[in-house]
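Taken together, the values in this text are just the output of simple stated rules run on the coordinates, not laboratory data. Worth saying up front: this structure is predicted, and the values here are computed from it rather than measured. As a convention, Cβ positions derive from the backbone with ideal geometry for all residues, glycine included, and neighbour counts pool all protein chains shown.
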Amino acid sequence: MKNEKNYVELAVSDDTQMAAYTAFPQNKTGNLPAIILLQEAFGVNNHIRNVADSYAEKGYVVIAPELFHRTAPEGTVFAYDDFPSVMQHYSAITNEGLEADLKACHKWLTEQPTVDNGKLYCIGYCLGGRVAFLANAVLPLKAAVSYYGSGIDQMTDKISQLHGRHLFFWGGLDKHIKTENINAVVAAMDEGGKDFINVKISYADHGFNCDEKPAYNKAAATEALALTLAFLQNS
């Protein structure tokens, strides 16, 4: 159930309103790092809120925006097997709209008195993995992380604009993102001369980080989290 006290309403530059879940570290003040946490295609659901809370417990201020806010009522989440309902909203998002959403989140973070504006990061999963890549191109981030971000190979024109280092995670068993898609991203990052880490976990499937899906792989999720934390701390 939605906990209103954890949500904020952000004014986006296209005159829309966007709800976002927030999480703060307890008993910590000042100079805190912050994360824009980006949803899978199923909304800012229980899993994404739990991920936000877990990063807050590790010392990060976190904001998780509802990326379908232009077409779906506030608080909308979808069942993991309800792709028809998801797709009408997924197909309606645009890079221009996402850029506006990301900038609204960035503005909110920079206005928080406890946040260190020099330590801003982005992490995204699936749809959010692609949006995290876009975020690194449009926001002054220290680093960003994309977990199995589909469609990144179609956005390689953004590589020259990346601000921070980028960490990519892929599942070797993923039928949605193929080897050629991954190779295209790696080749473009190499050609662009950008700092990045590319990790393909051979025994993991698409969505391996979500402990509410059959594809969840505890070992892969645990190992990916350890690398993610080290990557953020070293950026």
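Taking first residues from region 188-203 that are under 15 Å from Gly171 (Cα atoms) and partners that are surrounded by fewer than 16 Cβ atoms within 10 Å (Cβ to Cβ) and polar (S, T, N, Q), no Cβ contact under 7 Å between residues at least 6 apart in sequence or on separate chains turns up. Among residues of region 14-42 being of a type in the set (Gly, Ala, Ser) and surrounded by 13 or more Cβ atoms within 10 Å (Cβ to Cβ), the one that is nearest to Val77 (Cα to Cα) is Ala41.
Given the residues Glu74, Glu111, which is the only one that is acidic (Asp, Glu) and touching a residue at least 12 places away in the same chain (Cβ under 8 Å)?
Glu74
Scan region 123-143 for residues that are of a type in the set (A, V, I, L, M, F, W, C) and either more than 15 Å from the chain's Cα centre (by Cα) or under 19 Å from Gly207 (Cβ atoms) (or both) and jot them down. Answer for region 123-143, where residues must be of a type in the set (A, V, I, L, M, F, W, C) and either more than 15 Å from the chain's Cα centre (by Cα) or under 19 Å from Gly207 (Cβ atoms) (or both): Ile123, Cys126, Leu127, Val131, Ala132, Phe133.
Residues in region 129-155 that are in contact with a Gly (Cβ under 8 Å, 6 or more places away or on another chain) and among the β-branched types (Val, Ile, Thr) were compared, and the one that is nearest to Ala188 (Cα to Cα) is Ile152.
Pairing each residue of region 148-165 that is more than 18 Å from Lys200 (Cβ to Cβ) with any residue that is part of a helix (DSSP H, G or I) and basic (Lys, Arg), provided the two are 6+ apart or on different chains, yields C-beta distances under 9 Å for Gln154/Arg130; Met155/Arg130. One residue alone among Thr222, Thr228 is outside any loop (DSSP other than H, G, I, E, B) and loosely packed, with under 12 Cβ neighbours inside 10 Å, and that residue is Thr222.
Matching residues to (1) aromatic (Phe, Trp, Tyr); (2) touching a residue at least 24 places away in the same chain (Cβ under 8 Å); (3) over 25 Å from Ala230 (Cβ atoms); (4) not in a loop (DSSP other than H, G, I, E, B):
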site	(1), (2), (3), (4)
Val8	no, yes, yes, yes
Gly30	no, yes, no, no
Ala34	no, yes, no, yes
His47	no, yes, no, yes
Asp53	no, yes, no, yes
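Scanning region 77-107 for residues that are of a type in the set (Gly, Ala, Ser) and in contact (Cβ under 8 Å) with a residue 40 or more places away in the chain yields a count of 3. Scanning region 99-143 for residues that are surrounded by fewer than 24 Cβ atoms within 10 Å (Cβ to Cβ) and among the acidic types (Asp, Glu) returns Glu99, Glu111, Asp116.
In region 67-98, the residue that is surrounded by the fewest Cβ atoms within 10 Å (Cβ to Cβ) out of those that are within 19 Å of the chain's Cα centre (by Cα) and in a helix (DSSP H, G or I) is Glu96.
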